[in-house]
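The values are calculated or read from the model by the stated rules, or taken from the named source; none is laboratory data. Worth saying up front: this structure is predicted, and the values here are computed from it rather than measured. Neighbour counts run over all protein chains shown; Cβ positions are idealised from the backbone, glycine included. We work out accessible area using only protein heavy atoms, side chains counted, and drop any ligands, DNA or RNA first. Shrake-Rupley method; radii C 1.70, N 1.55, O 1.52, S 1.80 Å.
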Amino acid sequence: MAWAIAVILVAVIAAVLIVSGLRRTLISDPLLAWYRRILPAMSQTEQEAIDAGTVWWDGELFSGNPDWAKLIALPQPKLTPEELAFLDNETEQLCDMASDWETSHVHLDLPPPVWHFIKDRGFLGMIIPKKYGGKEFSAYAHSQVVTKLSTRCGAAAVSVMVPNSLGPAELLVHYGTEEQKNHYLPRLAKGLEIPCFALTNPHAGSDAAAIPDVGIVCKGTWQGREIVGMRLTWDKRYITLGPVATLLGLAFRLYDPEHLLGGAEDAKEDLGITCALVPTGTPGVEIGRRHQPLNAVFQNGPTWGTDVFVPIEAIIGGPAMAGQGWRMLMESLASGRSISLPSTSCGCSKLAVRATGAYARVRTQFKTPIGKFEGIEEPLARMGGNLYMMEAARILTVSAVDLGEKPSVVSAIAKYHLTERSRKVVNDAMDILGGKGICLGPNNFMGRAYQQLPIAITVEGANILTRSLIIFGQGAIRCHPFVLAEINAARESDRAKASRDFDRALFGHLRFAIANGVRAFVMGLTGSHWVPLPQVAPETRRHFQKLTRFSAAFAFLADVSMLVLGAGLKRREKISARLGDVLSNLYLCSAALKRYEDQGRQAADLPLLEWSLWDAMFKTQNAIEGVISNYPSRVAAWLLARIIFPIGRPYVVPSDRLGHEVAKLLIAPSAARDRLTAGMHLPASESEPIGCLEAALEAAIKAEAIEQKIRVAQKAGRLQSEKAYDMAQAALEAGVISAGEHSALKRAARLRDEVIRVDDFPQDFGRSQMRRTDAESEYADHC
């Protein structure tokens with residue numbers, strides 16, 4: 001009897017699950033009704049942000065079973081001959097013309113000849129198509145240019161970066177009318193127009209969709225005739241290139257109270273956020289004085305206007321694009337955010353790693369290069385490992401843009417993590433440099449970068465916001481294979497279609513979550529040793545397998561979090577941030593492994609790869625543990641811990657031995673060191689701080705072998721000099737070293753003294769001299 005009842009129950013359950021109509025009636029439809037009640041309302045701007053961009057490798061990581069063959073098969077970005085020539089010639093020339101110290105202390109701007117060179121050589125038109133006079137460079141070439149400039153002069157890098165990022169040129173290329181493109185793009189490409197884009201309002205920073213700046217559609221007089229136009233009122237700040245801009249890109253909320261743009265009388269008056277182009281010479285446009293962001297001297301400042309009348313054709317894309325500004329910005333942001341700040345972050349980190357590594361070999365204390373002390377090895381290892389992963393993520397992300405992707409989630413990951421890791425790299429560099437780093441002057445290669453790092457942390461989406469709200473918040477909807485389908489079904493007005501779509505998405509979601517939970521548990525028990533993989537390097541095989549395990553664990557944890565916390569997950573920003581950290585680190589590790597494959601599996605680079613992977617995966621493990629330990633349901637937390645870590649945590653911090661191997665790579669010339677810092681500006685002259693460091697490093701290593709010969713002779717009693725500075729001369733006279741070796745020691749000592757020297761100034765820091773020079777220049781110009 002009991003068996004019969006059991007069989008009947010199983011049959012009933014099977015029927016409910018198998019027969020779609022019955023399943024929808026008894027399970028899916030009631031859950032759909034409940035889901036609609038708890039689903040938080042989504043504004044139009046939130047919806048447009050969700051819909052913007054594309055899902056790329058982030059979707060694979062959310063799947064719980066990444067297709068590694070797909071990642072490895074992605075083409076490695078290459079420069080065209082034209083792009084390479086521009087990088088090796090014009091970009092190098094621009095680096096020679098500008099430096100951080102001169103721009104930030106002497107000129108407080110890029111000097112006029114530098115501005116002329118930037119305009120004349122097409123730096124402002126790298127993203128503009130050739131038919132409009134631009135360079136039409138790839139995203140990779142654009143990134144390489146900005147990266148190289150960032151190793152030399154922050155003001156030059158930003159002044160080139162901004163016109164090629166989110167702004168008038170980018171928006172015109174994708175959304176402008178042919179008339180707008182034909183008029184503005186050739187002028188922008190030639191530098192005849194200097195663009196800026198004004199979005200941030202004093203009352204709407206990170207919440208940019210809440211901008212109170214307005215435009216009112218109305219009739220007015222323009223160039224002697226009555227036309228339909230807009231009266232614009234705005235108050236913007238932090239606008240890069242604003243003080244020197246001739247063309248203002250403006251975001252505002254557009255209203256059409258008289259329905260002059262068409263539509264029924266009952267049509268809505270609030271058309272939404274709109275983007276327009278306003279020449280700064282237009283009557284009523286006000287350009288304020290300059291901001292000074294942490295002693296950075298790239299042009300930045302406020303702009304405002306009250307009831308400024310412009311033609312309706314000023315809307316980018318014409319009147320048809322009225323109210324489409326937020327969608328335009330969200331779709332374009334992914335490309336700009338994938339390139340700009342990741343490139344500047346990698347640039348200043350390359351400078352920090354190469355220069356500080358050389359300094360750590362040249363600078364000695366206790367008769368030993370400081371780079372050989374374990375206390376210095378530790379930050380050097382962090383610097384090298386972080387840069388390896390940063391550069392890998394930069395290149396993988398820009399390659400996505402070149403493949404036609406608009407990776408909204410991936411671009412947020414790249415912006416947040418590369419700027420944060422750059423901050424850590426530069427902080428470590430400053431700790432190693434000590435007094436050399438804190439005394440500003442023309443010989444300080446790190447001070448200005450250190451001062452200005454918070455700017456990158458703040459702009460294009462403040463990092464706190466990006467981590468706590470965007471990466472997982474947007475990723476969970478966009479990248480998850482079923483969540484967006486469930487949301488769309490819940491908002492579907494056709495009842496029958498909503499029932500079918502929700503049922504399909506719900507049960508697909510359940511199968512997906514259960515499968516990932518089982519796989520995460522099994523891989524945790526077995527150490528993921530039997531995860532099948534494509535053809536990868538034997539030395540990286542285990543890393544791919546462990547990443548697969550953590551991808552399954554992440555996907556399962558994300559699903560359980562959405563189930564347990566529901567709509568409240570949006571408000572649990574700390575948990576959302578930790579889930580975002582897991583997704584981000586999986587992406588960064590993928591990029592590092594891809595880089596190792598693309599660069600030909602260089603054995604010398606393996607310490608860099610290993611350190612970066614162990615560090616990132618240890619942080620991933622901690623982030624998962626942070627989510628679980630803060631679950632409101634302790635039962636769910638206990639179960640998750642047993643499923644994800646059934647036999648304990650697999651990762652520890654990178655070993656000291658591994659850190660030692662990384663540090664060694666940074667303090668001696670090698671192909672690995674060159675690959676790590678490839679693409680940076682390396683001046684050859686010893687009068688330049690970096691050129692002097694490069695020469696001093698080579699000289700110091702040669703001198704070390706000679707000094708060892710002298711120490712051996714001392715121990716053998718062949719040298720009797722009591723004064724260290726006489727020892728080299730005594731060794732020469734005793735025949736211990738040759739004249740050439742004696743000259744090498746003198747050269748190493750001279751270069752060492754120059755490297756460790758810090759700058760000093762008159763009592764007024766040279767201000768009176770600068771005033772006299774400026775007065776003389778003005779007099780010469782007048783004459």
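Details
- Listed by first and then second residue, the pairs linking a residue in segment 70-83 that is closer than 22 Å to residue 678 by Cα and touching a residue at least 24 places away in the same chain (Cβ under 8 Å) to a residue that is open to solvent by 80 Å² or more (accessible area, probe 1.4 Å) and part of a loop (DSSP other than H, G, I, E, B), with Cβ atoms under 9 Å apart and 6 or more places separating them unless they lie on different chains, are 72/535; 74/403; 75/403.
- Residue count for segment 468-500, restricted to those that are under 19 Å from residue 60 (Cβ atoms), under 23 Å from the mean Cα position of the chain (by Cα) and assigned to a helix (DSSP H, G or I): 7.
- Considering segment 615-628, and only residues there that are in contact with a helix residue (DSSP H, G or I) (Cβ under 7 Å, 6 or more places away or on another chain) and without any contact (Cβ under 8 Å) to a residue 60 or more places away in the chain, the residue that is most open to solvent (accessible area, probe 1.4 Å) turns out to be 619.
- Residues that are surrounded by fewer than 24 Cβ atoms within 10 Å (Cβ to Cβ) and assigned to a helix (DSSP H, G or I), drawn from segment 124-138: 130, 131, 132
- Checked against (1) over 18 Å from the mean Cα position of the chain (by Cα); (2) open to solvent by less than 30 Å² (accessible area, probe 1.4 Å), residue 366 passes all but condition (2).
- Selection count where residues are part of a loop (DSSP other than H, G, I, E, B) and either farther than 18 Å from residue 469 by Cα or open to solvent by less than 50 Å² (accessible area, probe 1.4 Å) (or both), scope segment 569-606: 4
- Only helices (runs of 4 or more DSSP H) whose full extent lies in segment 632-727 are considered here, and the ones with at least 3 residues that are aliphatic (A, V, I, L, M), buried (at least 19 other Cβ atoms within 10 Å of the Cβ) and within 29 Å of the chain's Cα centre (by Cα) are 656-666.
- Count of segment 446-462 residues which are among the polar types (S, T, N, Q) and free of Cβ contacts under 8 Å to residues at least 40 places away in the same chain: 1
- Condition met for residue 147 (in contact with a Gly (Cβ under 8 Å, 6 or more places away or on another chain), among the polar types (S, T, N, Q) and open to solvent by 40 Å² or more (accessible area, probe 1.4 Å)): no
- Residues (among the hydrophobic types (A, V, I, L, M, F, W, C) and either closer than 28 Å to residue 449 by Cα or open to solvent by 50 Å² or more (accessible area, probe 1.4 Å) (or both)) located in segment 270-322: 287, 294, 296, 297, 298, 304, 320
- Failed item, numbered, when residue 430 is tested on (1) of a type in the set (A, V, I, L, M, F, W, C); (2) open to solvent by less than 30 Å² (accessible area, probe 1.4 Å); (3) touching a residue at least 60 places away in the same chain (Cβ under 8 Å): (3)
- Selection count where residues are surrounded by fewer than 21 Cβ atoms within 10 Å (Cβ to Cβ) and in a loop (DSSP other than H, G, I, E, B), scope segment 441-458: 4
- The number of residues in segment 522-568 being open to solvent by less than 10 Å² (accessible area, probe 1.4 Å), hydrophobic (A, V, I, L, M, F, W, C) and not in a helix (DSSP H, G or I) comes to 1.
- Test: residue in segment 89-104 that is at pLDDT below 95 and among the charged types (D, E, K, R): yes
- Within segment 98-121, tally of residues that are open to solvent by 70 Å² or more (accessible area, probe 1.4 Å), assigned to a helix (DSSP H, G or I) and free of Cβ contacts under 8 Å to residues at least 60 places away in the same chain: 3
- Selected residue (criterion: nearest to residue 307 (Cα to Cα)) from residues of segment 228-257 that are in a strand (DSSP E or B) and among the polar types (S, T, N, Q): 233
- The lone criterion from (1) open to solvent by 20 Å² or more (accessible area, probe 1.4 Å); (2) within 29 Å of residue 141 (Cβ to Cβ); (3) charged (D, E, K, R) left unmet by residue 372 is number (2).
- In this entry, residue 331 passes the filter for residues that are at pLDDT below 95, in contact with a Gly (Cβ under 9 Å, 6 or more places away or on another chain), open to solvent by 20 Å² or more (accessible area, probe 1.4 Å) and of a type outside the set (S, T, N, Q).
- Failed item, numbered, when residue 184 is tested on (1) of a type in the set (Ser, Thr, Tyr); (2) open to solvent by 50 Å² or more (accessible area, probe 1.4 Å); (3) touching a Pro at 6+ places or on another chain (Cβ under 8 Å): (2)
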